[in-house]
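Just below is one structure, and these are the notes that go with it.
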Amino acid sequence: MADKTLDAQVDRLLLEDDARLVKLDVKFDPISGFGSTGKRFKFQLAEFTWYLPEELRDNKLIREVNKVSSVRAYCERYGIAGHESMVIEKLIHLRAKYDFPFYAAKFVSIKAKVGGQNIKFVLNYPQRLLLEEFEKLRLADKPINVIVLKARQWGGSTLTQNYMAWIQLMHKQAWYSAIVAHQSSAALKIKAMYDKMIKDFPPSLLGIKSRSKLRLSPYSGSRTDYTISQDKQQVRDTVISIGSMQSPDSIRAGDVSMVHYSEVGLYRTTEGKTPEDLIQAISSSIPDAPLAMNVMESTAKGENNLFHHEWLDAKNHISDRVPVFIPWYFIELYRRPFVSERARRLFARKLIENKDNSSAENTRAEPGSYLWGLWSKENGPTLEALNWYVHKRKEYRTHDSMASEFPSDDIEAFAHSGQAIFDRYHIEALRADCCSAKLVGEVMGDAPVGQQALQNVRFIPDTQGQLRVWSLPDTSFKATNRYVVAVDVGGVSDRSDYSAIVVIDRWWRTEGEPDEIVAEWHGHCPHDLLAWRMLQIAHFYGDALLIPEANTFVNDLTRTEGDHAQFILDIIGGVYRNLYTRQASPEKIRQGRAREWGFQTNRYTKELIIDHLKMLIDSHGYVEREKEALSEYHVYQRDEKGAANAAQGYHDDRLMARAIGLYVSSTLPMPREVKQIQDTRFIYTDPSMRNESQF
């Protein structure tokens, strides 16, 4: 009975595989238009049959020719018998203007991937997917704002540049474009596509006599601006500018209507200009109009950079860009046919049998659960693609090294090359709860420091403030152990870690729900001011348990400019009544001091709180609000010595504040509504941390 059930599952899986193969291998003939992109109608004449874009259905010439079903009959009806070739040429010009795949396959030359002569540009499947996004926006009379996350080389830049050229040649004059790459050589390489195309482009399509070939020539003597010329004379009001992050001032930003940003993930700050500055300067000049283009494309080059942030904003519908990602299994090259139908069936059977197996056979294989997860994706891979993946995986020692080369989704694409500690998919599950803060400002008292800093504490809205608030403190009733405020102390300069103060609401535990992040302060400030700022925030949130990190384990001048925690703790230790303490070191005990302020991060406690945070992330065991915390989770990894740290060049301040706060929260008693909160000076918790006695 079990075998029959499994056989039935295999049959269904093979039927789904057949459907996926049909979708990928659909006949695509850009010249006739059969199987081409967008909605089309059949234009059947005695001389030929085309499948035309719906955009041409109401064109007068198309309607009149279609009525008589023949070019010859049309010429006879309108008294131009013998001029059939002229009418066909007009029809071809119409298609060239409104049918990009036809235009590309008939008039655009590109370099063949494997040497040899130039070839005509016949779009592959990934290119057709990107074109569909371009065309949706064009046909809706919207600016074409798209961000493309590239996996391997499938010709995304080739399509983007030739689509922009199509707009300049077939639709608009005085519609200038820019190519901006991370290096000047990369921008010139993209511009070379335009060079190659224009040399083979028929001048007659632009209404120009075909006495000689077209070419790109310097515009007004510029070394970075080019125009279309014939016999050294400009023949069309079109300018193509090139620039790079290396030479950010070379772009004529005020004249640009279309821009192609290439390999944005590699943009680096130059003297006096950041990637954000460059993109803002150019993009701000692009009109909010039909046929304007603003396309950003790149392979993923790590997280927490400009391209990653732009991608996430587009994916979360915060920006006006349309996100496009092409997984490896949409690329025709990455398939491995089965030697027989029996082999295909056995592969499908093994896929089903191991779908719940989370262990891999060896380091050069994927667990069955991962392969099943790939298969189960919407528009997922075919069995031939999975067969290719299984064999290709043997060339890579780790999943991350394979995934970085052949990502199946945007999460894998951005994954850092180090040994990630947190599961990237579980991290992304937390994103569902992330949202913009309801309030931005600062918590202030009657003075910035001293006893008056805790008088008349209130929230002051300020768009430039560094405190982001998702929920203000609930003052409708009093409760013990409701709020926890955890602090990771950073440095003061821009090169150091930020300080992070995170507020956690524990009340929802009483209803069987997890802890929730309700506020976060994040920034740089002098440490004496930081001490009072954390006190003010804790006091504002119902005299919350305040847990500053007292880090005597790490004293890294490049990270925090020294250990400032003790300085801060000495300031606030005698002031605040609800400050977390731990057992003192043997030396301090000999000096007669049984307790020390704050949470100490050492080898043991760091592993403890990171393991606890991992457990919460894996189980969606708390409610995150700040998406930037997720970026830190993604780049947190184990180095070659096995130590847990942020990847080089990244920060972990938000992560550490959460790890400390959520761990301590797990050790506290359940919140409880009370009539009056007892004014106990200190609270001690967690026997495993030896934090159980007073001074």
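Over the chain, one equal point on each Cα, no solvent: what is log10 I(q)/I(0) by the Debye formula at q = 0.09 Å⁻¹?
Log10 of I(q)/I(0), two decimals: -0.93.
Throw me the Rg/Rh for the stretch 420-493, computed over C-alpha atoms with Kirkwood Rh, two decimals.
Taking Rh as the inverse mean 1/r over Cα pairs, Rg/Rh reads 1.05.
Accessible area per residue of the stretch 208-317 at 1.4 Å probe, in Å²?
Details: 4940 Å² over 110 residues.
Each residue of the stretch 208-317 exposes 45 Å² on average to a 1.4 Å probe.
At 1.4 Å probe size, put ARG211, ARG40 in order of accessible surface, largest to smallest.
Per-residue accessible area, sorted high to low, gives ARG211, ARG40.
Taking only protein heavy atoms and a 1.4 Å probe, what accessible area per residue, in Å², does the stretch 324-472 have with all protein chains in place? Walk me through the intermediate numbers first.
Values: 7610 Å² over 149 residues.
Counting only protein heavy atoms, the per-residue value for the stretch 324-472 is 51 Å².
Kindly rank 223-234, 499-510, 522-533, 622-633 from highest to lowest mean number of other beta carbons found within 10 Å of each residue.
Ranked from most to least packed, the peptides come out as 499-510, 622-633, 522-533, 223-234.
Treat each spin label as a single point 7 Å out from the Cα along the C-beta direction, and report the LYS120 to CYS525 distance in nm.
6.7 nm
So what is the 222 nm mean residue ellipticity for the chain from helices alone, if each DSSP H run of at least 4 adds -39500 (n - 2.57) and you divide by all residues, rounding to the nearest 500 deg cm²/dmol?
-10500 deg cm²/dmol
Of the heavy-atom accessible surface of the stretch 495-538 (probe 1.4 angstrom), what whole percent is carbon and sulfur? Spell out each step's value before the answer.
Working: 560 of 1240 Å².
In the stretch 495-538, the share of accessible area belonging to carbon and sulfur is 45 percent.
ILE318 versus GLN246, label points 7 Å from Cα toward the beta carbon: distance in nm?
Using points 7 Å along Cα→Cβ, the separation is 3.2 nm.
In whole percent, and with a 1.4 Å probe on the protein chains, what portion of the accessible area of the stretch 433-490 is carbon and sulfur?
49 percent
In sequence order, what are the phi-derived ³J(HN,Hα) couplings for the stretch 374-390 according to the Karplus relation 6.51 cos²θ - 1.76 cosθ + 1.60 with θ = phi - 60°, rounded to whole Hz, with x for glycine and proline?
5, 4, 7, 4, 4, 6, x, x, 7, 5, 4, 5, 5, 4, 4, 4, 4
Calculate one ³J(HN,Hα) per residue across the stretch 479-489 by plugging θ = phi - 60° into the Karplus curve 6.51 cos²θ - 1.76 cosθ + 1.60, and present them in order as whole Hz with x for glycine and proline.
So the Karplus estimates, Gly and Pro as x, are 8, 8, 6, 8, 9, 10, 10, 10, 10, 10, 8 Hz.
How many nm is it between the label spots at ARG211 and LEU472, if each spot is 7 Å from the Cα in line with the beta carbon?
7.7 nm
Among DSSP bridges having both ends in the chain, what percentage is antiparallel? Round to the nearest 5.
60 percent
Give me the percent of accessible area attributable to carbon and sulfur for the stretch 153-267, probe 1.4 angstrom.
With neighbouring chains kept in place, the figure for the stretch 153-267 is 45 percent.
Would you kindly calculate the translational diffusion coefficient of the stretch 609-680, applying Stokes-Einstein with the Kirkwood radius from alpha carbon pairs, for 10 °C and a viscosity of 1.306 mPa s, and quote it in µm² s⁻¹ without decimals?
Working: Rh = 14.1 Å.
Rounded, D is 113 µm²/s.
If you count only protein heavy atoms and use a 1.4 Å probe, how large is the accessible surface of VAL122, to the nearest 10 Å²?
Here the accessible area works out near 80 Å².
Quick query: amide H of ASP237 versus all other amide H atoms, modeled in the peptide plane; which residues come in under 5 Å with a sequence gap of 5 or more or a different chain?
Amide H to amide H, under 5 Å and 5 or more residues apart or across chains, ASP237 pairs with ALA174.
Taking a quarter of the surface of the Cα convex hull of the stretch 1-139, what do you get in nm²?
Mean projected area of the Cα convex hull: 13.1 nm².
Between ARG577 and ASP618, what's the calculated FRET efficiency when r is the beta-carbon distance and R0 is 35 Å? Round to 0.05. Intermediate results must be reported in sequence, preceding the final value.
Values: r = 36 Å, r/R0 = 1.03.
Efficiency computed from Cβ-Cβ geometry: 0.45.
The values are calculated or read from the model by the stated rules, or taken from the named source; none is laboratory data. Note that the structure is a prediction, hence the values are computed from the model and not measured. Cβ coordinates were reconstructed from backbone atoms using ideal geometry, including for glycine residues, and neighbour counts include every protein chain displayed. SASA here: full protein model, heavy atoms, side chains in, ligands and nucleic acids out. Shrake-Rupley method; radii C 1.70, N 1.55, O 1.52, S 1.80 Å.
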